[in-house]
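I have placed the structure first, in the form of structure tokens, so that the comments after it can refer back to it.
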Amino acid sequence: MTAKDWFSDFARGSSLGLGMIPGVSVGTIGLIVNVYDKLLDSISGLTKHFFKAAMALLPLALGCVISALIILIGYSYLSEYIPFEITALFGGLTLGGTPVIIKAIDWKNLRKSDVLRILIGFIVAAGIGVLSVLAYKFQWFDVAAAFENPNENIWVYPVTFVAGFIAAVACLLPGISGSMVLFIFGIYNPIIALYSGDNSMLHNHDRIGTGLLLTLILLVGVIMGLVCFAKVMRKLEENHRQATFTIVLGFILGSVASIFVNNNIWSYYESGAAWWHYLIGAFLFVAGFFALYLAIRWSWKRAEQNASQIQMEEKPSEEENA
């Protein structure tokens, strides 16, 4: 790999860091910057050609981590002052990514089973948000409080692993945001709170042990999800494309509902916030939708232009051979 290619992949990896924003799919961003196939092949190649695959992933991973840290710092600050506005932006970005999935579905041959899968995906994703609100209202459990005392709430550890695994799987599916999965599970903010805020590990040293353990468990879940599902994703795209993308579409639509109905934002609704917060939120929802939607349309147009150019270049050579 030349230095030019390395820095090119680093820049593309930096764009993948946008996947830390709930609603922005790493898979969709990968398609837009033309690195999705390389990312999938490199991850699946770790089990056979570890060193070669790891070197291919290194610039992508470094760029992704650096930009993700910058985004998380910004989110941590803004979420204290404009939580609904940020949530609405997440919802718009989530909905804006649906064209990738809609295009992949064969609507002419849509069957009842496909409609059922869309419905199931919606119910599962929306249900997670609704259940988190019910848990908050009836005090079944408080995820944020449990993260502050995980040793007294052992269930936090397996939930963190499962959420990390599912989030990693979601990262490989264009249209689904891994961080959005963490958000609707209710552990996105608690994870960030481990490193940012007055009660973070930096200020409360008593949390260092459990904080690092939770981070490690999350990372193990993410890594296992990536390694296990990279190959599976290829087979699903090839052999069960319609079934895969119909249930993904339902999950995305349900996630939009969960973004606005979850335990992270419900207390804000009860606080009696001023009307203009909701007006700005509505504007950001629309802006987020069109920003990602137009970016996807632009990437499709660019891909068509590249394909046409390749055909134009190949045609003269075929005529010369004839």
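Peptides 214-224, 197-207, ordered by how many other C-beta atoms sit within 10 Å of their residues on average, highest first, read 214-224, 197-207. When the solvent-accessible area of region 1-152 is split by element, carbon and sulfur atoms take up 69 percent of it, the probe being 1.4 Å.
Each peptide in 274-281, 244-251, 122-129 was scored by the mean count of other Cβ atoms within 10 Å over its residues; highest first, the order is 244-251, 122-129, 274-281. Under the criterion of Cα pairs below 8 Å and six or more residues apart, the relative contact order for region 1-102 equals 41 percent.
At 1.4 Å probe size, with the rest of the protein present, what percent of the exposed accessible area of region 225-308 is carbon and sulfur atoms? Display every interim value, and only then the final one.
Values: 3110 of 4540 Å².
Its accessible area is 68 percent carbon and sulfur atoms.
For region 36-95, the list of chymotrypsin sites (Phe, Trp or Tyr not before Pro) that fall in a loop by DSSP and count at most 10 other C-beta atoms within 10 angstrom reads Tyr81. Against the chain, whose longest principal axis comes from its Cα atoms, helix 156-171 is set at around 20 degrees.
When you count the other C-beta atoms within 10 angstrom of each residue and take the mean per peptide, 106-118, 4-16 line up highest first as 4-16, 106-118.
Note on Arg297 and Asp106: with the Förster distance fixed at 25 Å, the Cβ-Cβ geometry gives a FRET efficiency of about 0.80.
Rolling a 1.4 Å probe over the protein heavy atoms gives the chain an accessible area of 53 Å² per residue.
The values are calculated or read from the model by the stated rules, or taken from the named source; none is laboratory data. No experiment lies behind these values; they were computed from the predicted model shown. Using ideal geometry, Cβ is built from the backbone for each residue, glycine included, and neighbour counts are taken over all protein chains shown. Just so you know, the surface numbers come from the protein's heavy atoms only, side chains and all, with ligands and any DNA or RNA stripped out. Shrake-Rupley method; radii C 1.70, N 1.55, O 1.52, S 1.80 Å.
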